[in-house]
Amino acid sequence: MKRIAITGFFNKRRTILGNALSAMTKFDYIAGPSFSTVAAKYKMDYDKEKCQWPDSFIYCLDAFTQRIIAEKNLEDFYITDGGVFNEICWLKCRYPHNELIYERSMIVSLEKVVTDYASKEYDFIFHIETGDPSNVSDQCLKQIYKNYDLKHHIIDTPNDEDALNQNLGQHTAKLMSF
């Protein structure tokens, strides 16, 4: 089994590196659902920044569910763009100081489910470093990795070719040994 997640908050870089790694390994590449797709499905506002708590949670939960279904359909070999982490970080950062205990507990509960899934399903997690300590989403994801002791590999070069050669390339032998 070789299941790989590429995380980070440079969407274009995740796509580029995910597709390149997919070509290198011949593994299928899974992109998560767009917000507009989920918004249309549940008749939500198409502006992600305008959605309120219930719609935000629906988006996060539906995107997580769609990722699981897509990943389970591919079984053993795939690369996913952010795994299941992007949506939970988005939700946590969107409501960082949610005072309502019910909503806060829903976020924490979903985070536990997401991290449990990731720890069991992903053989490799590559995280694209933003290099910006003020990036709240990036710090959120790093905290999740730390809190749940999730092993991950940092990609800290701004050049995609270097990222593939230096960071991802060093793991290619492991990835290809199946």
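Details
- Trypsin sites (Lys or Arg not before Pro) restricted to the range 1-88 and DSSP loop, no more than 11 other C-beta within 10 Å: LYS26, LYS43
- Distance from the range 128-153 to the range 29-102 (C-alpha centre basis), Å: 18 Å
- Net dipole in debye of the chain [+1 Lys, Arg Cβ; -1 Asp, Glu Cβ; about Cα centre; nearest 20]: 240 debye
- Axis of helix 85-94 versus longest Cα principal axis of the chain: the two differ by about 30°, to the nearest ten degrees.
- Here is the list for the range 1-80: GluC sites (Glu not before Pro) lying in DSSP coil, each with at most 11 other C-beta atoms within 10 angstrom of its C-beta, are GLU75.
- Listed residue pairs exceeding 24 Å between alpha carbons, taken from LYS48/LYS146; LYS41/LYS142; LYS12/LYS142: LYS48/LYS146; LYS41/LYS142
- Only helices enter this figure: runs of n ≥ 4 DSSP H residues, each worth -39500 (n - 2.57), summed and divided by the residues of the chain, yield -16500 deg cm²/dmol at 222 nm to the nearest 500.
- Fluctuation leader among ILE16, ILE155, ILE128 - the chain, Gaussian network, Cα springs under 10 angstrom: ILE16
- 0 to 90° range, to nearest 10: angle between helix 101-121 axis and the chain longest Cα axis: 20 degrees
- Nearest-ten-degree value, helix 53-74 long axis tilted from longest Cα axis of the chain: 30 degrees
Coordinate-derived values only; no laboratory data. Everything quoted here is computed from the prediction, not taken from an experiment. A quick note on method: Cβ atoms are made from the backbone with ideal geometry, for glycine too, and the neighbour counts reach across all protein chains shown.
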